[in-house]
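Taking it in order: structure first as structure tokens, then the write-up.
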Amino acid sequence: MTKVGRERGWPAMTRSRFEPQVGPKGALLVGSPEEVAVKILRHAEALGGISRVTFQLDSAELPHKTLMQTIGLIGDRVRPLLHSLSMQGNSEPDKAWLEPHNPTDDENKVHR
């Protein structure tokens, strides 16, 4: 984000600016598939509905394996969860969808 920001005249991305953006109401979709799905639905509700979401991944900096894992998580876990939650008409996942969250488990994180 700092490299792109520099090109576009934005201030540097500091930890204090980054943390709120990855939180529940921030703009960045980072976290477990469940966290990402809930955040997408929260944003959709705040915006009065959305018809699509575009994910922008850092293909220049992330290893190919990580990119492929992230794309897989979006399709295999985030999309079905979004569908399930939107059919329920709420932005909170059923307990059956929740799994123990381990922030160090990179295979279950949607990377930025």
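A few notes on this one:
- Restricted to segment 1-66, the set of helices (runs of 4 or more DSSP H) holding at least 1 residues that are at pLDDT 90 or above comprises 15-22, 33-47.
- Counting the residues of segment 67-76 that are within 11 Å of the chain's Cα centre (by Cα) and either of a type outside the set (S, T, N, Q) or in a loop (DSSP other than H, G, I, E, B) (or both) gives 2.
- Some residue of segment 9-30 being surrounded by 14 or more Cβ atoms within 10 Å (Cβ to Cβ), in contact with a Lys or Arg (Cβ under 8 Å, 6 or more places away or on another chain) and at positive phi: no
- Across segment 76-96, the qualifying residues are those that are more than 15 Å from Ser51 (Cα to Cα) and of a type in the set (Lys, Arg), and the one among them that is modelled with the highest pLDDT is Arg77.
- Members of segment 31-63 found to be small (Gly, Ala, Ser) and either more than 29 Å from Lys3 (Cα to Cα) or in contact with a strand residue (DSSP E or B) (Cβ under 9 Å, 6 or more places away or on another chain) (or both), listed by number: Gly31, Ser32, Ala46, Gly48, Gly49, Ser51
The values are calculated or read from the model by the stated rules, or taken from the named source; none is laboratory data. Values in this document were obtained by computation on a predicted structure and should not be read as measured data. As a convention, Cβ positions derive from the backbone with ideal geometry for all residues, glycine included, and neighbour counts pool all protein chains shown.
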